[in-house]
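The values are calculated or read from the model by the stated rules, or taken from the named source; none is laboratory data. Since the model is a prediction, treat every value here as computed from it, not as a measurement. Using ideal geometry, Cβ is built from the backbone for each residue, glycine included, and neighbour counts are taken over all protein chains shown. What goes into the accessible areas is simple: the full protein's heavy atoms, side chains included, and nothing from ligands, DNA or RNA. Shrake-Rupley method; radii C 1.70, N 1.55, O 1.52, S 1.80 Å.
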Amino acid sequence: MRRLGLRSRLAIAVSLGATLALGALTAGFNVALRSSLHHDADQVVSARASAALDTLTVENGRVHSVEAPDQGAVDAQVWVYSGRRPIEQPRAPRTVQRLAASLAGGPIRYADESATDTRLYAVPVVRSGQRVGTVVAGLSLEPYERTASRALTASLIFAGATLLVIVAAAGWIVGRALRPVARMTAEAATWSERDLDHRFNAGEPHDELTRLAATFDRLLDRLAASLRHEQRFSAELSHELRTPLAAISAEAELALAREREPGDYRRALEVISTRASQLQRTLETLVAAARAESSAMRGTADAMEVAERARESCAALARTRGIAITVAPPRTPLRVGVDADAAERVLAPLLENACRYGRRSVQVSLRGGSDSVEFLVADDGPGVEAGEREAIFEPGVRGAAANGSVSDAGAGLGLALARRLARALGGDVRCVERTGGAVFVACVPFG
């Protein structure tokens, strides 16, 4: 049974159910018909006995029949007994005669003679409270049995024909109902792992199959989104790591190209270490962004603590460049709806960028927005031109301020990674207009 298809199993189930139902109906019909025919036969034979009683007279304790027996009349199957002596008896088989004689003198009752399909009904003749004889009426049950037999045959034929019609109709209906499933199966079999945009498109859900198709479409949407996320993550990983890896490789090749002074090797190793740290931060940020997009559990943290941690992570760069970083606490405590590490990875690249381009100071302030905590990072550097406020968030793109005015402008990845992670967390990073310096705003959802 398990090896059969759904269509076959449904057809078999419908056939079995229809067979049981038709069998029960046919049996019930024939039982009811036989009961009705037997009741009609009892009514007929009882009426014959009553009609015969009306033709009898009693004289001196003896029963006399007013009418002479007529074998063609309705009372042709009527026996009349005075006491136990028959005064009228029709022609009948010997077995019927014996059964009629046995009923004489007995109580009111029915008796059947199975060999000839005859039913007898005995009723006493009573005058003045004294029994003087017996009337026995007979009826052949052959017509009734013939009617019941024909009805049984006809009902079986009708049930069989009805069953065939039901099975055929059920097969057609089940096949038509499952046709969309077969189509969906055939379509899905032709799709490859690269066909991310194929859908069943069964229309507005209005029944079980269209709702199933809509559910599959939503499942495919989620799978496609997951696959695209993995593809984008792989592409971003290769893109973001290319620059620091190329810098490390170039610096190492340059250092090994010829013999150098110990101080030159040291500077080369410092550059390699810096690029390796940048590579590590890039990997951590990309992994954090991927984790944030795939998980609904993001934790919570104090916004002021996040700002302090970001300042500590940029302290070495700030000292090297002589930049003073100040953090202005908010008027009321604020909490972000992500863990402290993720929020710090959003804010730290903005602080690092400000330390690279600022002249003397960088200010960090916090405020509550409509649905997020906003970290404002302001520096006193050359600022960002209006046409570059979006372009600088593209990987590897640096603004005009980096051309010649900054000795170590980085690889142009920090702002792109900060925005990427912020958006994965449900926030954003943007550059706002300001005269005299740049201001970046990092929005992180409320905790």
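Of the residues V362, V384, V373, which is among the hydrophobic types (A, V, I, L, M, F, W, C), closer than 25 Å to T320 by Cβ, crowded, with 18+ Cβ neighbours inside 10 Å and modelled with pLDDT of 90 or more? Break it down into steps so the answer makes sense when it comes.
Values: V384 fails: modelled with pLDDT of 90 or more; V373 fails: closer than 25 Å to T320 by Cβ.
Unique residue meeting the criteria: V362.
Identify all residues within the range 123-181 that are small (G, A, S), closer than 30 Å to H64 by Cα and either part of a strand (DSSP E or B) or touching a Phe, Trp or Tyr at 6+ places or on another chain (Cβ under 7 Å) (or both); write none if there are none. Steps first, please.
Going residue by residue through the range 123-181, those that are small (G, A, S) are 128-129, 133, 137-138, 140, 148-149, 151, 154-155, 159-161, 168-171, 175, 177.
Narrowing the set further to residues that are closer than 30 Å to H64 by Cα leaves 128-129, 133, 137-138, 140.
The answer is G133, A137, G138, S140.
Just to be sure before I move on: is A400 of a type outside the set (S, T, Y), over 26 Å from E270 (Cα atoms), open to solvent by 10 Å² or more (accessible area, probe 1.4 Å) and modelled with pLDDT under 90 in the structure I sent?
In short, yes.
When the range 172-190 is examined, which residues are found to be of a type outside the set (G, A, S) and loosely packed, with under 13 Cβ neighbours inside 10 Å?
W172, R176, R179, T185, T190
If you check V346, V327, which single one turns out to be in contact with a helix residue (DSSP H, G or I) (Cβ under 7 Å, 6 or more places away or on another chain), open to solvent by 10 Å² or more (accessible area, probe 1.4 Å), of a type in the set (V, I, T) and under 21 Å from T300 (Cβ atoms)?
V327
For the subset of the range 129-163 comprising residues that are among the β-branched types (V, I, T) and without any contact (Cβ under 8 Å) to a residue 40 or more places away in the chain, which member is nearest to G83 (Cα to Cα)? Break it down stepwise before answering.
Step one: of the range 129-163, the residues among the β-branched types (V, I, T) are 132, 134-136, 147, 153, 157, 162.
Cutting the leftovers down to without any contact (Cβ under 8 Å) to a residue 40 or more places away in the chain gives us 153, 157.
Details: T153: 46, I157: 52 Å.
In this case the residue turns out to be T153.
So in the range 79-97, with the set limited to residues that are surrounded by fewer than 12 Cβ atoms within 10 Å (Cβ to Cβ) and out of contact with any Gly (no Cβ under 9 Å at 6 or more places or on another chain), which one is nearest to L56 (Cα to Cα)?
Out of the qualifying residues, it is R91.
Name the single residue that is farthest from S140 (Cα to Cα) among those in the range 1-50 being in a helix (DSSP H, G or I) and of a type in the set (D, E, K, R).
Once the filter is applied, the top-ranked residue is R7.
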